[in-house]
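The values are calculated or read from the model by the stated rules, or taken from the named source; none is laboratory data. Source: prediction; values computed, not measured. Because the Cβ atoms are built from the backbone with ideal geometry, glycine has one as well, and the counts that use them run over all protein chains shown. Only protein heavy atoms, including side chains, enter the accessible area calculation; ligands, DNA and RNA are left aside. Shrake-Rupley method; radii C 1.70, N 1.55, O 1.52, S 1.80 Å.
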Amino acid sequence: DHFIEEAQEKPNEYKGDVYILMNNRTGGLSALMVSVLQCYNRAWLAGAPSWQRGIFFNSEILVELSKTKFTIIVPTTKAYLPCNAKRDQSISPDIPISPRFEDLLRGDDSVLLQLMEIVNSKAQQTRN
C-alpha cells in the first residue's frame, strides 16, 4: 500500500465547467479531442454535430495513379473514437445550438451568443 498516494488539492486547479464549441467542420484531431473530453465528462460540447465519424484515419501515404496522374490519399492506420462511439455516426454535442438567421445577417456569432446565454442562465440558477 505504499504505492498509493493520497490525492492532494491543487490550489490553482480549475473546478468550473468547460464548454467547447463545435460544428460540422469539426474533424481529425479536434474531433478526437472533443470526443475524449465528452467521454470522460471533462467538457460540455455545444453547437452542431461534427463531420467526423466514430472512426478516422490518422496516417496516410500519397499514391500517384500511373494512367491519370491523379494523386490519391491512401490511409495506412485507423483510429476509433473513445467510449464506444458508433463508427457511422458523427459526434453529437451535449448542447445542440443552431445559428439564428437574424444574428447571421448582423454578422454576429449566434452560436457563441446562445451558448453564453445558456452559461449565464446556469450561473444564475446556481447562485439562487
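Structure above, values below:
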quantity: Boolean, Ser66 is loosely packed, with under 15 Cβ neighbours inside 10 Å and at pLDDT below 85; calculated: no
quantity: Gln89 at pLDDT 80 or above, open to solvent by 40 Å² or more (accessible area, probe 1.4 Å) and either of a type in the set (S, T, N, Q) or farther than 30 Å from Lys15 by Cβ (or both); calculated: no
quantity: Hits in the stretch 94-117 (condition: of a type in the set (A, V, I, L, M), touching a helix residue (DSSP H, G or I) at 6+ places or on another chain (Cβ under 7 Å), under 30 Å from Tyr40 (Cα atoms) and assigned to a helix (DSSP H, G or I)); calculated: Leu113
quantity: Leu45 vs. criteria modelled with pLDDT of 90 or more and surrounded by 12 or more Cβ atoms within 10 Å (Cβ to Cβ); calculated: yes
quantity: Residue, modelled with the lowest pLDDT, within the stretch 1-42, restricted to residues that are outside any loop (DSSP other than H, G, I, E, B) and open to solvent by 100 Å² or more (accessible area, probe 1.4 Å); calculated: Leu29
quantity: Only one of Asp109, Asp103 that is surrounded by 13 or more Cβ atoms within 10 Å (Cβ to Cβ), more than 23 Å from Asp17 (Cβ to Cβ) and modelled with pLDDT of 80 or more; calculated: Asp103
